[in-house]
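The block underneath contains the structure these notes are about, expressed in structure tokens.
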Amino acid sequence: MRRFALAAALAATTVGSLSSSAHAAPVQYDDEGVYLDDLADGTGLATFANASLDGEGGWVELAAPGSPGSFTTKDIDPSALSSWGTVYVRGSGQLSLEVLAGGSPIASPSLVASDDPAYTRMASLAAIPPTTSPIQLRVTFAANGPAAPIVDALQVTWTSISTLKLAAQGPTTLCSGATGLWKFPISVSNVTARQTVVTALLPLGTTPDGFSNAGTRLRFVSATHGGVYHPGPDPIVVDGVEVQPHHVYWRLGDLRFGSTFPLGLTASIPNGALGATTYQLTAEADASNATETSATAAPTTASATAALTITKALTGVYRVGTKWRAPAGATVGYTLTVRNDFAPTCRATAQRVVVWDPLQIATSPGAAYPYAAAPTFLS
């Protein structure tokens with residue numbers, strides 16, 4: 001399953017609406033990948049150095065205007081991320097920024113003019129590895145200049161990553177012509193999985209001893225949760241995911257973290273498939289903010305047998321009482337008819353059929369059959 005380019009990153013589409021809404025301080029939106037602190041109180045701050053919180057105004061300012069000062073946030077710890085994004089600062093005066101991990105500075109990204117009108121400055125965190133978490137921010141004020149330095153809001157963004165878990169179960173054995181249920185439970189953790197798509201191939205059977213597998217593909221019957229069968233012949237794209245022919249797909253949209261969906265697929269083995277033909281189904285799950293995952297069910301073995309019968313008919317003979325007779329020198333014909341008796345399930349197509357007859361002709365006078373003791377063999 002291959003995911004195509006999608007819309008812009010989620011954090012970029014949600015930051016503006018979150019930054020302008022009222023909230024307690026601080027708040028963290030793991031689904032959107034946003035941390036906000038409007039500095040209405042000091043609950044999100046760890047330390048101050050020649051700086052203090054003005055609780056009434058809702059900002060941090062220098063305590064003694066003649067000297068530099070700083071404040072440091074508490075840990076900012078996303079539940080799951082694939083990359084750090086941007087720090088936004090709303091404030092005035094000469095400000096600088098440091099990023100800390102484990103209490104020690106690891107980067108000093110430059111503050112530049114903000115691209116979000118709700119903030120005045122911003123700095124990129126792209127150079128911070130996603131494995132570095134949690135982080136803290138330290139904002140430093142220069143000594144008083146023309147304008148007193150203050151900060152009254154902070155925002156940090158990142159790209160959230162969801163975790164998909166997928167399992168696969170199916171029947172151990174199944175009669176040809178009968179239907180079976182395959183289950184693909186999918187669960188979501190960390191954050192909401194966006195534009196989730198699950199696919200499962202209905203495969204051709206793997207036949208024993210090199211027999212042809214033509215006509216052995218599993219046949220779609222139904223699927224739970226809106227699953228749809230795509231017969232082909234060309235691939236289609238569903239929410240950015242390329243779905244190949246002969247796949248069942250589930251278009252699940254956004255799945256909230258902590259949720260589980262027991263996807264089900266009902267299919268049948270074609271009647272006529274050889275016994276011991278095996279089927280192994282693999283499902284794949286993908287989301288725009290998750291790494292693709294897959295699961296393969298244990299093999300399902302087809303249970304089927306051929307039911308061969310053979311009859312023999314004579315021509316050029318006549319019957320007297322209980323005995324067949326033929327004139328001397330007559331040509332006697334024998335017609336052998338082989339059938340594979342029908343059954344709606346568990347019937348296998350007979351392949352590589354061989355019929356032979358030893359032609360053991362009786363010569364004793366008065367024999368019951370001119371073709372006595374001549375069995376016909378079938379395999």
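The values are calculated or read from the model by the stated rules, or taken from the named source; none is laboratory data. Model, not experiment: these values are computed from the prediction. All Cβ positions, glycine included, derive from the backbone under ideal geometry; neighbour counts span all protein chains shown.
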Any idea which of (1) surrounded by fewer than 19 Cβ atoms within 10 Å (Cβ to Cβ); (2) at pLDDT 95 or above is the one D209 doesn't satisfy? (2)
Does any residue of region 246-267 turn out to be surrounded by 14 or more Cβ atoms within 10 Å (Cβ to Cβ), part of a loop (DSSP other than H, G, I, E, B) and either modelled with pLDDT of 95 or more or not assigned by TED's automatic domain parsing to the domain that holds A167 (or both)? yes
Give me the residue from region 70-82 that is modelled with pLDDT under 95 and in a strand (DSSP E or B) and, out of that set, nearest to Y29 (Cα to Cα). L81
Which condition number does N144 fail, the rest of (1) over 27 Å from V191 (Cβ atoms); (2) not in a loop (DSSP other than H, G, I, E, B) being met? (2)
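Matching residues to (1) free of Cβ contacts under 8 Å to residues at least 24 places away in the same chain; (2) over 30 Å from A343 (Cα atoms); (3) of a type in the set (S, T, Y):
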| position | (1), (2), (3) |
| --- | --- |
| L174 | no, no, no |
| K183 | no, no, no |
| T196 | no, yes, yes |
| G205 | no, no, no |
| F211 | no, no, no |
| E242 | no, yes, no |
| H246 | no, no, no |
| L255 | no, yes, no |
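Determine if region 137-149 includes at least one residue that is over 10 Å from W84 (Cβ atoms), aromatic (F, W, Y) and touching a residue at least 24 places away in the same chain (Cβ under 8 Å).
So in region 137-149, the residues over 10 Å from W84 (Cβ atoms) come out as 137-149.
Checking the rest, the ones that are also aromatic (F, W, Y) come to 141.
If we keep only those that are touching a residue at least 24 places away in the same chain (Cβ under 8 Å) as well, we get 141.
Among the residues of region 137-149, at least one is over 10 Å from W84 (Cβ atoms), aromatic (F, W, Y) and touching a residue at least 24 places away in the same chain (Cβ under 8 Å), which makes the answer yes.
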Per the filter on region 206-238, residues closer than 20 Å to S294 by Cα and in a loop (DSSP other than H, G, I, E, B) are L218, T224, H225, G226, G227, P235
Reported set for region 147-198 where residues are part of a strand (DSSP E or B) and closer than 30 Å to A64 by Cβ is I150, V151, D152, A153, L154, Q155, V156
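Every residue in region 193-219 that is of a type in the set (S, T, Y) and more than 15 Å from the chain's Cα centre (by Cα), please. Before you say what the answer is, go through the steps one by one.
The initial filter retains those residues of region 193-219 that are of a type in the set (S, T, Y), namely 196, 199, 206-207, 212, 216.
Residues satisfying the conditions are T206, T207, S212, T216.
Can you name every residue in region 98-138 that is β-branched (V, I, T) and either closer than 23 Å to I161 by Cα or assigned to a loop (DSSP other than H, G, I, E, B) (or both)? Step through it out loud before you land on a result.
So the first thing to find is which residues in region 98-138 are β-branched (V, I, T), and the list is 99, 106, 112, 120, 128, 131-132, 135.
Answer for region 98-138, where residues must be β-branched (V, I, T) and either closer than 23 Å to I161 by Cα or assigned to a loop (DSSP other than H, G, I, E, B) (or both): V99, T120, I128, T131, T132, I135.
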Considering only residues of region 316-342 that are surrounded by 15 or more Cβ atoms within 10 Å (Cβ to Cβ) and either of a type outside the set (A, V, I, L, M, F, W, C) or modelled with pLDDT under 80 (or both), which is farthest from A273 (Cα to Cα)? W324
Name the residue that is surrounded by the fewest Cβ atoms within 10 Å (Cβ to Cβ), counting only residues in region 74-100 that are among the acidic types (D, E) and touching a strand residue (DSSP E or B) at 6+ places or on another chain (Cβ under 7 Å). D75
